[in-house]
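Contents: one structure, followed by commentary.
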Amino acid sequence: MKQRDLNKADKQKRLLDAGLAAFLAEGYAGASIERIAAAADVARGTYYLYFKDKEALFSALLNRFLEPLLAVVSDARHALARCRDAESTLPIYFELGTKLAAVLLEHLPEVRLYLHESRAVGAGGDAVRKGSERIEKLTREILANAVKNEVLREHDEKVASLAIVGAIERVVWAYLQGDRGLKPETLPVELLALMRYGLVART
């Protein structure tokens, strides 16, 4: 990589790191481009070479964990769509839970930002809700495929997807708030139990 490209990558990283610190400390509404650029030691005009506005920087930070998380869920969706019985889904759900926990633990500051802004009014909250809707959509598709294959019983997929995503978010938030009684490594087992005993088709 050329020195010029290295310098650009370094400035972008500094802006991302400064933006993350500012959003966590002041919230989306309170953070300013001027202070973020100053903390990153770049000129305000330079900021706009990397991000068109504050929302673009915020979205880039969310995507640090949303993109790998969505990729994990999408891979599970494809694998689960081929399952024709509950037993064959078990290792896939376990792998899904394990990979979700790994993504969340790798990006804890971004996850904290996502959860902190999830109920906020304005552009920050809207960006988070768009991300959440993408997760819920994939979850609904997993549930719909399972019902079609008679692996899961008929249910309200909208309600179930909201319950599943909301429960995971609530557990992660409690962990971030310092509840060390919650262990991220138990997420795969609990996710598996929810799907196996809560929605599995009755025989």
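Count charges around residue 34 for me, please; just the other residues with Cβ under 11 Å from its Cβ, Lys/Arg as +1, Asp/Glu as -1.
Once all neighbours under 11 Å are counted, the net charge is +3.
Please compute the net charge surrounding residue 25, taking Lys and Arg as +1 and Asp and Glu as -1 over other residues with Cβ under 14 Å from its Cβ.
Here the charged neighbours net out to -1.
Relative to the longest principal Cα axis of the chain, at what angle does helix 3-30 sit, 0 to 90 degrees, rounded to 10?
70 degrees
Work out the count of Lys pairs in the chain where the Cα-Cα distance is under 18 Å, with the pair 8 or more places apart or on different chains.
Value for the chain: 13.
With labels modelled as points extended 7 Å from the Cα through the Cβ direction, what inter-label distance (nm, one decimal) is found for residue 179 paired with residue 119?
1.4 nm
Let me have the 222 nm mean residue ellipticity of the chain computed from DSSP H runs of 4+ only, each contributing -39500 (n - 2.57), with the sum over all residues rounded to the nearest 500.
-25500 deg cm²/dmol
Can you list residues whose amide H is under 5 Å from residue 152's amide H, if they're 5+ apart or on another chain and H is modeled 1.01 Å from N?
147, 201
Highest first, please rank the peptides 148-159, 21-32 by the mean number of other Cβ atoms sitting within 10 Å of their residues.
Answer by packing, highest mean first, reads 21-32, 148-159.
Let me spell out the model: positive unit charges on the Cβ of Lys and Arg, negative unit charges on the Cβ of Asp and Glu, origin at the Cα centre of the chain. What dipole size does that give, in debye rounded to 20?
Result for the chain is approximately 340 debye, rounded to the nearest 20.
With the cut-off at 1.5 for a/c, could you classify region 13-128 from its C-alpha gyration tensor as rounded, prolate or oblate?
Prolate is the answer for region 13-128, as a/c is 1.5 or above and a/b outweighs b/c.
Coordinate-derived values only; no laboratory data. Predicted model, so just to flag it, every value in this text is computed and none were measured. Glycine gets a Cβ as well: all are built from the backbone with ideal geometry, and neighbour counts include every protein chain shown.
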